[in-house]
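Trainee: One structure coming up, written as structure tokens, with questions to follow.
What follows draws every value from the coordinates through simple rules; no lab data is involved. Keep in mind that this is a model prediction, so the values were computed, not measured. FYI the Cβ positions are ideal-geometry reconstructions off the backbone, even for glycines, and counts take in every protein chain you see.
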Amino acid sequence: MIRARIIALLPLLLHTLAAQTITPRLNDGHIAVTALKLDFLKGKTLDRLRNGQAVSFDFQLQLFDGAKPLKRSLQRFVLSYDLWEESFSAVQMSQASPRTPLYSTARLKSEAVAGWCLGRMLLPLPAVDKAKPLTLQLEIRSSGNRLPNPLRPQGSVDLGVLVEIFSRPPDPSELRFTAQSQPFTIGTLASP
């Protein structure tokens, strides 16, 4: 009887262990995130990179109060792969001028790419009760060639394009990745 219950719960336990989570932290008046192991470079997207194609990724970090979104950060990163060095290069595109590189780095191993990109995802601290439970959600989507950049030259975000990117089903050649934090409070982030 107990053995049957354990066997029945095993898929749920394995799914829970396999789920990727992000951890919020404070960074100079902003909420930032870290992830122990964020593996989004895989499958056909990784094949495209290793075949010499640059691939754009849209990262969306949202702060939620229950189901209500409070803050959002959207960043576009363009990744490429150097066949000779067997490493990745990453470029963060400017929000003020979407075709202009803002920051870049090279010689990243696959496990360091996510950390570099996440290090540039910041949300301003919200004006909420420091004891109110909040959650963070990170979505990463490889951009198809047919979708425009959601970042406008004025520094704002084209919400129509943003909804299209994150709500449509992924193309088989594209990647969609989601990770979520455990509930937290601003007060616990501020504690030493």
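Trainee: Using packing as a proxy for protection, rank 131-137, 87-93, 102-108 so that the peptide with the highest average count of other Cβ atoms within 10 Å comes first.
Mentor: Highest mean packing first, the order is 87-93, 131-137, 102-108.
Trainee: Right, something else. What order do you get for 20-31, 113-124 when each peptide is scored by the mean count of other beta carbon atoms within 10 Å, highest first?
Mentor: Details: 20-31: 15.2, 113-124: 18.0.
So the peptides 20-31, 113-124, ranked by packing, come out 113-124, 20-31.
Trainee: Which of the lysines could be linked to K68 by a straight reach, that is with a Cα gap under 21 Å, when you skip same-chain ones fewer than 8 residues away?
Mentor: List returned: K130, K132.
Trainee: Only loop residues by DSSP count here, and only those with at most 16 other Cβ atoms within 10 Å; note down the GluC sites (Glu not before Pro) in the range 50-132 that meet that.
Mentor: E85, E86
Trainee: Once fully extended, how much extra length lies between R72 and L36, figured as 0.36 nm per residue of separation less the alpha-carbon to alpha-carbon distance?
Mentor: Numbers: separation 36, 0.36 × 36 = 12.96 nm, distance 2.19 nm.
Computed gain between R72 and L36 is 10.8 nm.
Trainee: If you bin every alpha carbon distance in the range 76-119 into 5 Å steps from zero, what whole percent lands in each bin?
Mentor: Spelled out per bin, shortest first, that is 6, 24, 32, 20, 13, 5, 1.
Trainee: Where in the range 32-101 are there trypsin sites (Lys or Arg not before Pro) that are in a DSSP coil and have at most 12 other Cβ atoms within 10 angstrom of their Cβ? Numbers along the way, then the final one.
Mentor: Details: sites: K37, K42, K44, R48, R50, K71, R72, R76, R99; in loops: K37, K42, R99.
When the trypsin sites (Lys or Arg not before Pro) of the range 32-101 are filtered for loop state and at most 12 Cβ neighbours within 10 Å, K37, K42, R99 remain.
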